[in-house]
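To start, the structure itself, in C-alpha coordinates.
The values are calculated or read from the model by the stated rules, or taken from the named source; none is laboratory data. Computed from a predicted model, the values in this text were never measured in an experiment. Cβ placement follows ideal geometry from the backbone for every residue including glycine, while neighbour counts extend to all protein chains displayed.
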(Lines give C-alpha, C1' and ligand atoms only; values in the text may rest on other atoms or scores of the structure.)
Protein backbone atom coordinates (compact mmCIF):
# COMPACT_ATOMS: atom_id res chain seq x y z
CA UNK A 1 0.00 0.00 0.00
CA UNK A 2 1.22 3.44 -0.86
CA UNK A 3 2.12 5.73 2.02
CA UNK A 4 -0.28 8.39 0.76
CA UNK A 5 -3.20 6.02 0.74
CA UNK A 6 -2.30 4.79 4.21
CA UNK A 7 -2.12 8.37 5.43
CA UNK A 8 -5.54 9.19 3.96
CA UNK A 9 -7.14 6.09 5.49
CA UNK A 10 -5.67 6.90 8.90
CA UNK A 11 -6.97 10.48 8.70
CA UNK A 12 -10.44 9.27 7.71
CA UNK A 13 -10.45 6.81 10.57
CA UNK A 14 -9.45 9.49 13.08
CA UNK A 15 -11.98 12.01 11.79
CA UNK A 16 -14.83 9.50 11.73
CA UNK A 17 -14.30 8.58 15.41
CA UNK A 18 -16.24 10.86 17.65
CA UNK A 19 -15.43 11.22 21.33
CA UNK A 20 -17.11 8.59 23.43
CA UNK A 21 -20.05 9.62 25.53
CA UNK A 22 -19.99 9.21 29.28
CA UNK A 23 -21.12 5.69 30.21
CA UNK A 24 -23.91 5.42 32.72
CA UNK A 25 -24.96 2.29 34.54
CA UNK A 26 -28.05 0.56 33.23
CA UNK A 27 -29.50 0.42 36.71
CA UNK A 28 -28.67 2.38 39.79
CA UNK A 29 -28.54 1.00 43.31
CA UNK A 30 -31.24 2.74 45.31
CA UNK A 31 -30.27 1.06 48.55
CA UNK A 32 -33.53 -0.88 48.65
CA UNK A 33 -31.70 -4.19 49.25
CA UNK A 34 -29.80 -2.70 52.18
CA UNK A 35 -32.98 -1.12 53.55
CA UNK A 36 -34.87 -4.41 53.36
CA UNK A 37 -31.96 -6.24 55.00
CA UNK A 38 -31.92 -3.73 57.86
CA UNK A 39 -35.68 -4.11 58.31
CA UNK A 40 -35.41 -7.92 58.29
CA UNK A 41 -32.69 -7.81 60.98
CA UNK A 42 -34.73 -5.41 63.12
CA UNK A 43 -37.71 -7.77 62.96
CA UNK A 44 -35.50 -10.74 63.82
CA UNK A 45 -34.01 -8.89 66.82
CA UNK A 46 -37.42 -7.74 68.04
CA UNK A 47 -38.78 -11.30 67.84
CA UNK A 48 -35.73 -12.70 69.62
CA UNK A 49 -35.80 -10.09 72.39
CA UNK A 50 -39.53 -10.70 72.92
CA UNK A 51 -38.81 -14.43 73.36
CA UNK A 52 -36.03 -13.63 75.83
CA UNK A 53 -38.25 -11.22 77.74
CA UNK A 54 -40.94 -13.90 78.01
CA UNK A 55 -38.39 -16.40 79.28
CA UNK A 56 -37.17 -13.95 81.94
CA UNK A 57 -40.73 -13.14 83.06
CA UNK A 58 -41.63 -16.84 83.34
CA UNK A 59 -38.41 -17.67 85.18
CA UNK A 60 -38.13 -17.87 88.94
CA UNK A 61 -34.62 -16.45 88.70
CA UNK A 62 -33.74 -12.79 89.04
CA UNK A 63 -31.96 -11.93 85.79
CA UNK A 64 -29.95 -8.78 85.34
CA UNK A 65 -28.66 -7.34 82.09
CA UNK A 66 -24.96 -7.03 81.44
CA UNK A 67 -23.11 -4.28 79.65
CA UNK A 68 -22.15 -6.92 77.08
CA UNK A 69 -25.68 -7.40 75.74
CA UNK A 70 -26.82 -10.54 77.55
CA UNK A 71 -28.64 -11.42 80.78
CA UNK A 72 -27.52 -13.49 83.75
CA UNK A 73 -28.75 -14.82 87.09
CA UNK A 74 -26.70 -16.38 89.86
CA UNK A 75 -27.40 -19.99 90.80
CA UNK A 76 -24.51 -19.88 93.28
CA UNK A 77 -22.88 -16.57 94.16
CA UNK A 78 -19.63 -16.25 96.11
CA UNK A 79 -19.56 -12.96 97.99
CA UNK A 80 -16.22 -13.44 99.78
CA UNK A 81 -14.01 -13.74 96.69
CA UNK A 82 -13.35 -10.72 94.53
CA UNK A 83 -11.11 -12.14 91.82
CA UNK A 84 -12.56 -12.68 88.36
CA UNK A 85 -10.71 -14.06 85.32
CA UNK A 86 -8.41 -11.73 83.40
CA UNK A 87 -6.42 -12.00 80.19
CA UNK A 88 -4.30 -15.18 80.14
CA UNK A 89 -5.82 -16.76 83.27
CA UNK A 90 -6.77 -20.42 83.03
CA UNK A 91 -10.37 -21.26 83.92
CA UNK A 92 -11.84 -24.72 84.39
CA UNK A 93 -15.58 -24.68 83.76
CA UNK A 94 -18.57 -26.86 82.97
CA UNK A 95 -21.58 -25.73 80.99
CA UNK A 96 -24.89 -26.90 79.60
CA UNK A 97 -26.45 -25.28 76.53
CA UNK A 98 -30.24 -25.08 76.19
CA UNK A 99 -32.84 -23.47 74.00
CA UNK A 100 -35.29 -20.91 75.40
CA UNK A 101 -37.73 -23.82 75.69
CA UNK A 102 -35.28 -25.46 78.16
CA UNK A 103 -34.39 -28.23 75.72
CA UNK A 104 -30.83 -29.36 76.36
CA UNK A 105 -28.65 -29.00 73.28
CA UNK A 106 -25.33 -30.12 74.70
CA UNK A 107 -25.64 -31.81 78.09
CA UNK A 108 -22.92 -31.47 80.67
CA UNK A 109 -22.44 -35.26 80.81
CA UNK A 110 -21.30 -35.35 77.21
CA UNK A 111 -18.87 -32.48 77.64
CA UNK A 112 -15.73 -32.77 79.68
CA UNK A 113 -14.64 -29.95 81.96
CA UNK A 114 -13.46 -27.17 79.68
CA UNK A 115 -10.08 -25.50 80.03
CA UNK A 116 -9.92 -22.00 78.66
CA UNK A 117 -7.14 -19.42 78.63
CA UNK A 118 -9.03 -16.13 78.87
CA UNK A 119 -9.03 -14.18 75.60
CA UNK A 120 -6.42 -16.49 74.08
CA UNK A 121 -8.70 -19.23 72.74
CA UNK A 122 -11.86 -19.43 70.68
CA UNK A 123 -15.21 -19.30 72.47
CA UNK A 124 -18.42 -17.72 71.33
CA UNK A 125 -18.48 -14.09 72.45
CA UNK A 126 -21.22 -14.34 75.08
CA UNK A 127 -19.51 -17.17 76.96
CA UNK A 128 -16.13 -15.46 76.68
CA UNK A 129 -17.55 -12.27 78.23
CA UNK A 130 -19.72 -14.14 80.73
CA UNK A 131 -16.79 -16.07 82.19
CA UNK A 132 -15.10 -12.76 83.03
CA UNK A 133 -18.00 -11.93 85.38
CA UNK A 134 -17.58 -15.12 87.39
CA UNK A 135 -15.59 -16.08 90.46
CA UNK A 136 -14.26 -19.49 91.36
CA UNK A 137 -17.08 -21.67 92.70
CA UNK A 138 -19.90 -19.63 91.15
CA UNK A 139 -22.64 -20.95 88.92
CA UNK A 140 -24.53 -18.58 86.63
CA UNK A 141 -27.33 -18.99 84.10
CA UNK A 142 -26.77 -16.78 81.08
CA UNK A 143 -29.23 -15.85 78.35
CA UNK A 144 -27.37 -15.06 75.15
CA UNK A 145 -29.13 -13.50 72.15
CA UNK A 146 -28.07 -15.21 68.93
CA UNK A 147 -25.54 -12.51 68.04
CA UNK A 148 -23.73 -13.27 71.33
CA UNK A 149 -23.97 -17.02 70.74
CA UNK A 150 -23.58 -18.73 67.36
CA UNK A 151 -25.22 -16.02 65.24
CA UNK A 152 -26.38 -16.39 61.69
CA UNK A 153 -24.62 -19.68 60.94
CA UNK A 154 -25.24 -21.67 64.12
CA UNK A 155 -22.64 -24.25 65.06
CA UNK A 156 -23.28 -26.33 61.92
CA UNK A 157 -24.30 -29.23 64.17
CA UNK A 158 -27.09 -28.96 66.76
CA UNK A 159 -27.54 -25.18 67.01
CA UNK A 160 -29.46 -23.56 64.19
CA UNK A 161 -29.06 -20.06 62.88
CA UNK A 162 -30.24 -17.07 64.89
CA UNK A 163 -30.92 -19.14 68.01
CA UNK A 164 -30.74 -17.45 71.42
CA UNK A 165 -29.26 -19.75 74.07
CA UNK A 166 -29.50 -20.46 77.77
CA UNK A 167 -26.07 -21.38 79.11
CA UNK A 168 -25.64 -22.71 82.65
CA UNK A 169 -22.00 -22.29 83.61
CA UNK A 170 -20.06 -23.38 86.67
CA UNK A 171 -16.57 -21.94 87.15
CA UNK A 172 -14.74 -24.74 88.92
CA UNK A 173 -11.21 -23.37 89.17
CA UNK A 174 -9.35 -20.17 88.36
CA UNK A 175 -5.58 -20.14 87.94
CA UNK A 176 -3.85 -16.78 87.51
CA UNK A 177 -1.00 -16.43 85.05
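Could you tell me whether residue 74 is closer than 14 Å to residue 169 by Cβ, free of Cβ contacts under 8 Å to residues at least 40 places away in the same chain and out of contact with any helix residue (DSSP H, G or I) (no Cβ under 6 Å at 6 or more places or on another chain)? Spell out how you get there, then give the answer.
Details: closer than 14 Å to residue 169 by Cβ: yes; free of Cβ contacts under 8 Å to residues at least 40 places away in the same chain: no; out of contact with any helix residue (DSSP H, G or I) (no Cβ under 6 Å at 6 or more places or on another chain): yes.
No: the conditions fail for residue 74.
Any residue in segment 16-26 that is at pLDDT 65 or above and not in a helix (DSSP H, G or I)?
Going through segment 16-26, the residues at pLDDT 65 or above turn out to be none.
Checked segment 16-26: no residue is at pLDDT 65 or above and not in a helix (DSSP H, G or I).
If the requirement is being closer than 23 Å to residue 64 by Cα, surrounded by fewer than 17 Cβ atoms within 10 Å (Cβ to Cβ) and in contact (Cβ under 8 Å) with a residue 12 or more places away in the chain, which of these qualifies: 172, 133? If you could, list the steps in order and put the result at the bottom.
Numbers: 133 fails: surrounded by fewer than 17 Cβ atoms within 10 Å (Cβ to Cβ).
Of the residues listed, the single one that is closer than 23 Å to residue 64 by Cα, surrounded by fewer than 17 Cβ atoms within 10 Å (Cβ to Cβ) and in contact (Cβ under 8 Å) with a residue 12 or more places away in the chain is 172.
Could we say that residue 159 is farther than 27 Å from residue 177 by Cβ and in a strand (DSSP E or B) here? Can you show your working first?
Working: farther than 27 Å from residue 177 by Cβ: yes; in a strand (DSSP E or B): no.
No; evaluated as a whole, the condition is false for this residue.
Before we move on, is residue 49 in contact (Cβ under 8 Å) with a residue 60 or more places away in the chain, in a helix (DSSP H, G or I) and surrounded by fewer than 16 Cβ atoms within 10 Å (Cβ to Cβ)?
Details: in contact (Cβ under 8 Å) with a residue 60 or more places away in the chain: yes; in a helix (DSSP H, G or I): yes; surrounded by fewer than 16 Cβ atoms within 10 Å (Cβ to Cβ): yes.
Taking the combined requirement at face value, the residue satisfies it.
When residue 171 is evaluated against the numbered criteria (1) within 18 Å of the chain's Cα centre (by Cα); (2) more than 21 Å from residue 53 (Cα to Cα), which criterion, by number, is the only one it fails?
Residue 171 satisfies all of (1) within 18 Å of the chain's Cα centre (by Cα); (2) more than 21 Å from residue 53 (Cα to Cα) except (1).
Before we move on, is residue 123 surrounded by 14 or more Cβ atoms within 10 Å (Cβ to Cβ), modelled with pLDDT under 95 and not in a helix (DSSP H, G or I)?
Yes: the conditions hold for residue 123.
Conditions tested, residue by residue: (1) in contact with a strand residue (DSSP E or B) (Cβ under 6 Å, 6 or more places away or on another chain); (2) part of a loop (DSSP other than H, G, I, E, B).
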position	(1), (2)
142	yes, no
147	no, no
151	no, yes
154	no, yes
170	yes, no
173	yes, no
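Scanning for something touching a helix residue (DSSP H, G or I) at 6+ places or on another chain (Cβ under 9 Å) and modelled with pLDDT under 95, does segment 136-146 turn up at least one residue?
Initially, segment 136-146 is screened for residues touching a helix residue (DSSP H, G or I) at 6+ places or on another chain (Cβ under 9 Å), giving 140, 142-146.
Narrowing further to those that are modelled with pLDDT under 95: 146.
For segment 136-146, residues touching a helix residue (DSSP H, G or I) at 6+ places or on another chain (Cβ under 9 Å) and modelled with pLDDT under 95: present.
Does residue 90 satisfy the criteria of being at pLDDT 95 or above, in contact with a strand residue (DSSP E or B) (Cβ under 7 Å, 6 or more places away or on another chain), surrounded by fewer than 18 Cβ atoms within 10 Å (Cβ to Cβ) and farther than 29 Å from residue 37 by Cα? Give the steps one after another, and end with the answer.
On the way: at pLDDT 95 or above: yes; in contact with a strand residue (DSSP E or B) (Cβ under 7 Å, 6 or more places away or on another chain): yes; surrounded by fewer than 18 Cβ atoms within 10 Å (Cβ to Cβ): yes; farther than 29 Å from residue 37 by Cα: yes.
So residue 90 fits the description; yes.
Can you say whether residue 164 is touching a strand residue (DSSP E or B) at 6+ places or on another chain (Cβ under 6 Å), touching a residue at least 24 places away in the same chain (Cβ under 8 Å) and surrounded by 14 or more Cβ atoms within 10 Å (Cβ to Cβ), as far as the supplied structure shows? Spell out the reasoning first.
Working: touching a strand residue (DSSP E or B) at 6+ places or on another chain (Cβ under 6 Å): no; touching a residue at least 24 places away in the same chain (Cβ under 8 Å): yes; surrounded by 14 or more Cβ atoms within 10 Å (Cβ to Cβ): yes.
Against the criterion (touching a strand residue (DSSP E or B) at 6+ places or on another chain (Cβ under 6 Å), touching a residue at least 24 places away in the same chain (Cβ under 8 Å) and surrounded by 14 or more Cβ atoms within 10 Å (Cβ to Cβ)), residue 164 does not qualify.
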